[in-house]
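Asks: Structure provided below as structure tokens; questions to follow.
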Amino acid sequence: MAALELAPDYEILPCAVSTDVFAALIDGRAQCAVLPIENTLHGAVTEHYDLLLKHPVRIDAEGLLQIRHNLIAAPGVELAAIRTVLSHPVALNQCRKFLQDFTQARALSFYDTAGSVKHIMEESLKDTAGLAPELAAEEYGANVLLHGVEDHAQNFTRFHVIRRAEDPRPATEPDKVSVAFALEHKPGTLVKALQALAASGVNLTRIESRPVPGQPWEYVFFVEFRFPSAAAADDALKALQSETRMVRELGRYKAAATSATS
């Protein structure tokens, strides 16, 4: 759904796992990738931070999608017959209140939300439902038993559009940047780095830390900040470089409108 909205001119190439998405992008089978980076209920998709840093790619755009989870089963199956609920672990986590109350069924993790509906239809399961978008029911000919079973209506996922680092940049007016940086393992280094950003006049909107493999208790920090001009962004990055041992700009792009719905 996010790919249809953020990259409408492209044919969708499905991939099973996120590492396959980056492989398809790097080897040229895909021209861009649309991946979630953060959800308002679940938090960060930390694997994607790691993959962004690992590969020669950049973020070119972002978008918001309101997430609605629906209980979906094969046509003719009644709610009372459901004994198993399948979905991606993140979707199950976003529907914990419903699942706790739906005591007639057990919840099991599946590789994908829409994939759970596909599986139910292919196997003609009569006691199993999936938690997935309504589009999955339309795509696979299934039936929505219950609409909107997520814990909170304000359930949004933020997606990034990712391209190869060497590809031409789109003609946009960016006002947001994503950056990764690493620090010397000394007291006060993170405070100094954040103070450098604050002094440059940019607006820090997010910070996330990820462990450095093979270096216990050391971290890479991922930050996002809004900036009033390209010069201000450049000044902020220079200030950050003076307080860190590594800085990598992951992309400049137009911030998504916070009121986006689907």
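The values are calculated or read from the model by the stated rules, or taken from the named source; none is laboratory data. Everything numeric in this text was worked out from a predicted model, so none of it was measured. No Cβ is skipped: glycine too gets one built from the backbone with ideal geometry, and neighbour counts run over all protein chains shown.
Asks: Hey, can you tell me all the residues within region 16-37 that are surrounded by 15 or more Cβ atoms within 10 Å (Cβ to Cβ) and touching a Phe, Trp or Tyr at 6+ places or on another chain (Cβ under 9 Å)?
Replies: Matches in region 16-37: Ala30, Gln31, Cys32, Ala33, Val34, Leu35, Pro36, Ile37.
Asks: If you check Asp9 against the conditions, is it farther than 20 Å from Leu131 by Cα, of a type in the set (D, E, K, R) and loosely packed, with under 14 Cβ neighbours inside 10 Å?
Replies: Yes, satisfied.
Asks: Can you tell me how many residues in region 231-257 are under 23 Å from Cys32 (Cβ atoms) and not in a strand (DSSP E or B)?
Replies: Counting residues in region 231-257 that are under 23 Å from Cys32 (Cβ atoms) and not in a strand (DSSP E or B) gives 5.
Asks: Here is a follow-up. So which residues in region 92-147 are assigned to a loop (DSSP other than H, G, I, E, B), surrounded by 14 or more Cβ atoms within 10 Å (Cβ to Cβ) and of a type in the set (Gly, Ala, Ser)?
Replies: Ala105, Ala142 - these are the residues of region 92-147 that are assigned to a loop (DSSP other than H, G, I, E, B), surrounded by 14 or more Cβ atoms within 10 Å (Cβ to Cβ) and of a type in the set (Gly, Ala, Ser).
Asks: I'd like the full set of residues that are within 28 Å of the chain's Cα centre (by Cα) and β-branched (Val, Ile, Thr), limited to region 177-211.
Replies: Val177, Val179, Val191, Val202, Thr205, Ile207
Asks: In region 204-242, which residues are without any contact (Cβ under 8 Å) to a residue 60 or more places away in the chain and charged (D, E, K, R)?
Replies: Passing the criteria: Glu218, Glu224, Arg226, Asp234, Asp235, Lys238.
Asks: Here's another thing I want to ask about it. Looking at region 130-179 only, could you name the residues that are β-branched (Val, Ile, Thr) and either over 30 Å from Gly28 (Cβ atoms) or modelled with pLDDT under 95 (or both)?
Replies: Val144, Val149, Thr157, Thr172
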